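Asker: Can you keep this structure in mind? I'll have questions shortly.
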Amino acid sequence: QVQLVESGGGLVQAGGSLRLSCAASGSIFSINAMGWYRQAPGKQRELVAAITGGGSTKYVDSVKGRFTISRDSAKNTVYLQMNSLKPEDTAVYYCNADRMMTAWGAKYDYWGQGTQVTVSS
């Protein structure tokens, strides 16, 4: 079985930092792009940051300069360093892998279970 498991969420005061991790486990040969999405109560899920297999990154405007996405391809892990957190960053954060080559074939649009990030004012 292939799984994406997020960790690192929690409660932090405004201005603080958190680092999210997402580890892909299972017989995985390669992963294309990976990304972090978030969904706040009553809002649609939005892309926060994404990173390609070659290391190119993109961010939603609201987190530019505050969040940094990175990946360790050898560990099939993607990270999201979140600095200068704001109450509006409060959401459930989800990890996504858009295409994985695995022992069971190609897996598309794979999601983790989510991790809660709460920023208090």
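Asker: Where residues in the stretch 29-44 are in contact with a strand residue (DSSP E or B) (Cβ under 9 Å, 6 or more places away or on another chain) and exposed (fewer than 15 other Cβ atoms within 10 Å of the Cβ), which of them is nearest to ASP109 (Cα to Cα)?
Answerer: ASN32
Asker: Follow-up. Does SER70 satisfy being within 13 Å of the chain's Cα centre (by Cα) and either open to solvent by less than 60 Å² (accessible area, probe 1.4 Å) or of a type outside the set (Ser, Thr, Tyr) (or both)?
Answerer: So SER70 fits the description; yes.
Asker: Considering only the stretch 5-60, give the strands (runs of 3 or more DSSP E) lying wholly within it that have at least 1 residues that are touching a residue at least 40 places away in the same chain (Cβ under 8 Å).
Answerer: Counting at least 1 such residues, we get 10-13, 18-25, 28-31, 34-39, 46-51.
Asker: Could I ask something else about it? Pick from the stretch 73-85 the residues that are small (Gly, Ala, Ser) and not in a loop (DSSP other than H, G, I, E, B): which of them is least open to solvent (accessible area, probe 1.4 Å)?
Answerer: Here the residue is SER73.
Asker: For the stretch 11-28, which positions are more than 15 Å from TYR79 (Cβ to Cβ), touching a Ser or Thr at 6+ places or on another chain (Cβ under 7 Å) and open to solvent by less than 60 Å² (accessible area, probe 1.4 Å)?
Answerer: ALA14, GLY15, GLY26, SER27, ILE28
Asker: Would you confirm, using the coordinates I've provided, whether GLY65 is assigned to a loop (DSSP other than H, G, I, E, B) and over 22 Å from VAL2 (Cβ atoms)?
Answerer: For GLY65, the condition - assigned to a loop (DSSP other than H, G, I, E, B) and over 22 Å from VAL2 (Cβ atoms) - is met.
Asker: I'd like to check something: does the stretch 106-120 contain any residue that is modelled with pLDDT under 95, in contact with a helix residue (DSSP H, G or I) (Cβ under 8 Å, 6 or more places away or on another chain), assigned to a strand (DSSP E or B) and open to solvent by less than 40 Å² (accessible area, probe 1.4 Å)?
Answerer: There is no residue in the stretch 106-120 that is modelled with pLDDT under 95, in contact with a helix residue (DSSP H, G or I) (Cβ under 8 Å, 6 or more places away or on another chain), assigned to a strand (DSSP E or B) and open to solvent by less than 40 Å² (accessible area, probe 1.4 Å).
Asker: All but one of (1) of a type in the set (A, V, I, L, M); (2) open to solvent by 40 Å² or more (accessible area, probe 1.4 Å); (3) part of a loop (DSSP other than H, G, I, E, B) hold for MET101; state the number of the condition that does not hold.
Answerer: So MET101 meets the others, but not (3).
The values are calculated or read from the model by the stated rules, or taken from the named source; none is laboratory data. Worth saying up front: this structure is predicted, and the values here are computed from it rather than measured. Every residue, glycine among them, receives a Cβ derived from its backbone with ideal geometry; neighbour counts consider all protein chains shown. Please note that ligands, DNA and RNA were not included when accessible areas were found on the heavy atoms of the full protein model with its side chains. Shrake-Rupley method; radii C 1.70, N 1.55, O 1.52, S 1.80 Å.
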